1. Per residue of B:15-25, what is the mean number of Cβ atoms on other protein chains within 10 angstrom of that residue's Cβ?
2. Three principal axis extents, largest first, for the C-alpha atoms of chain B, in Å?
3. I need A:Tyr211, C:Tyr59, C:Tyr130 ordered by Cβ neighbour count within 10 Å, fewest first.
4. Which aspartates and glutamates have a Cα lying under 16 Å from the Cα of C:Lys179, excluding residues fewer than 8 positions away in the same chain?
5. Please report how far the C-alpha centroid of the stretch C:109-131 lies from that of the stretch C:177-203, rounded to the nearest whole angstrom.
6. Can you list residues whose amide H is under 5 Å from C:Leu29's amide H, if they're 5+ apart or on another chain and H is modeled 1.01 Å from N?
7. Placing unit charges on C-beta atoms (Lys and Arg positive, Asp and Glu negative, everything else neutral), compute the dipole magnitude of the stretch A:1-109 about its Cα centre in debye, rounded to 20.
8. Once R0 is set to 22 Å, what does the formula 1/(1 + (r/R0)^6) return for the Cβ-Cβ distance between A:Ala128 and B:Asp137, expressed as a FRET efficiency to the nearest 0.05?
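No value in this document is a laboratory result; all are computed from the given coordinates. Please read these numbers as outputs of a predicted model, since none were measured by experiment. Positions of Cβ are generated from backbone atoms using ideal geometry, with glycine treated the same way; all protein chains shown enter the neighbour counts.
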Amino acid sequence: MRPRLHDYALSASCYKVRLLAALLDTRLDVVAVDFHPGREHKTASFLTLNPAGTLPVLEADGTVMTDTADMLRWLARTHDAVWLGDGTRVQPWLDMAIRLNESLGMARLHDMLHADCDIGTARKAGVADLRRIEAHLWARRQDGEIFLAGPRATIADIACFPNVALAPDGGVNLDPYPSIRLWMRAVRSLPRFVEMPGIHRLHELSPVPDYAAASQA
Amino acid sequence: MIEGWTALALSADLPPGVAVPGRLRGEDLVIWRSASGRLRAWGDRCPHRGMRLSHGFVRGETLACIYHGWTYDGTGACTLIPAHPDLEPPKSIRTQGYDCREAAGVIFAAAEGTGAALPDPGSLAPVRSLQMEGTTDAVARAAGMGTLADGMVRGTVDLDGAVAVALFLQTSGAGMTTVHALADRAPLAVSDWLERIREIVEG
Amino acid sequence: MITEANLSAWYPVGMAAAVGPAPGRATRLLGRAIRLFADAGTVRVTDDAGHELSVCTAYGHVWACPGTPAGPVFALPEADQPGRRLVDCGRVQVRCSALRAVENFLDIAHFPFIHAGILGAEPHTEVNRYEVAIREEVDEVWATKVSFYQPQAARSATGGVDVEYMYRVAAPTSAVLYKTSPPRPGEWDVIAIFVQPLDETTCDCWPWMALYDDDTPLAELIQFQQTIFLQDRSILENQIPALLPLDPGMETPTRADLTSIAYRRWLKRRGLTYGAQAVAA
């Protein structure tokens, strides 16, 4: 039986799970939850599944996972453990991912969906988080590495990528971070990368279209 | 009135196939590098519906706007409008050009037709670009490296031994300065030092 | 710049199902603070000075008019057709002029780039000739005989098809699109965007649909539409200038842009300049 993901299409955290599943070339049974405008995640029926009333929720192997990092770890362990990376190098970025939810993630929900938050504090914390990530990625590049926690992509990158890439949705500009820009390109160039609203696919990766063939079709 | 060249990015931060935004004397620019490595700087605005070209995509020797795929070649002329693939786009559809040069691992831009010489930072290696909330004067003061000439300050910093440093200071927004740093050694120490400078500038 | 024409139009200000009792919800319309609340079964909208705005409820939303309404809210008979599902998609705020949001909604040439794999795909980028008219009797802009190849045109579609469209600007900041309905050939699915100008460069967008689709779960219908709309957001927030230019000048339309050309001409003619700049940039 396929794992079942309770999902909201616009959620950065749900996207982390959808993205890793795609990169691992594994299918999930995706169930849409009407987060907005329906607030379905706060209904009695949803709360029996997850009393915390949060998304995503992943049902797999007879368990119900409600922590996004747990879901990423489970997917990696089950399909390709190389994505787990070196635990001591990866863990700080899973911690950063939680801070990003609260800074850049909240700023985005505030600006787009009118969520309640202190927008000034959220954006300021978001800038501090981005500067920390930029400094780290710059240092990694001096050693010839592009990803957060080693020479190849790991769940550290998947956990941090969505909120960083969607920062402009919350009014936080990404222009000042050249190393982050190159890292985002590397993530978006991974085989089987899938996009979400606000993160476009890289059209440069597709060849120039053959318009002559199209007009004959 | 500042004439001449403004540093906008480090070469290492703009590999082939990438487009980035830049800011030159209050104007928004796109700087991009083609597949063959050729650099161009244009106004960051597609003539079609005003979408930022810095969000666009590079294919070969062209940059296309992400909105409708309007494609521009190295001269800035529009060569393809995907909604009308058989149409030869009118010659009047073109991007706004700026001069763009690369030297010492730094990318510079200037108004088209500038005759000024490129600034010379000496034989230093590029280190890092980072943005600070403060004026170029405030940054120069915090760095303790004298007054700006050609958008640059130079000096020696004691970071466990003397390090020769050059900082190109670019106004990158209202009250914002982007520092493009070069040094003769110790890049990690220079990066840490830049972050300390930022803390001083930002109070 | 607000004109009489701007003040006498209808604008969405909330979802009818979500209006609470006083003090209700505070928001803005044309740069002015307003508040909407339910009072003994009716919805009221007041401004900071205590004035009552004209109010009506239609298509799942509360509509307000800051001045004297020029007429009733536009007609949408599909909303009353039996068998249709009426779907409120909730609101999304965008840092752009309401006019830019509407114009983007009317555009199809961006489908293969912004909605790649869903509403369009390279190399099927050609926009075929279509027809545009300003229908004087209802004072609306209409585009008809629009067609475009789409990989996955609706949640109910099973593959790529040539989809037929019609577009309609029903009010200064409200547009409707009609597209061929896969389960009901010969009928149109209706997708609308009702845009509330909060100020000249910020708006709340309220997508709404009236569809023939009995099978797809509600959450999926909503999220399909939200996905499409949110893919446009980073475009809308990065167009320069922010105010929609109503005169030719810095922007270069082509034959694919006939609907937007007509929309801008119609706005200019009617003096609907809020969110626009009337002089070439």
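1. Numbers: counts 2, 0, 4, 5, 1, 4, 5, 1, 1, 0, 0.
Counting Cβ atoms of other protein chains within 10 Å of each residue's Cβ and averaging gives 2.
2. Extents along the principal axes, in whole Å: 63, 31, 30.
3. Numbers: A:Tyr211 17, C:Tyr59 23, C:Tyr130 20.
Neighbour counts put them in this order, fewest first: A:Tyr211, C:Tyr130, C:Tyr59.
4. Result set, ordered by chain and number: C:Glu78, C:Asp107, C:Glu131, C:Asp162, C:Glu164, C:Glu187, C:Asp189, C:Asp213.
5. The distance from the Cα centre of the stretch C:109-131 to that of the stretch C:177-203 comes to 17 Å.
6. Under 5 Å from the amide H of C:Leu29: C:Ile34.
7. Details: 12 positive and 13 negative charges, 35 e Å.
Charge dipole of the stretch A:1-109: 160 debye, to the nearest 20.
8. Taking R0 as 22 Å, the efficiency between A:Ala128 and B:Asp137 is 0.30.
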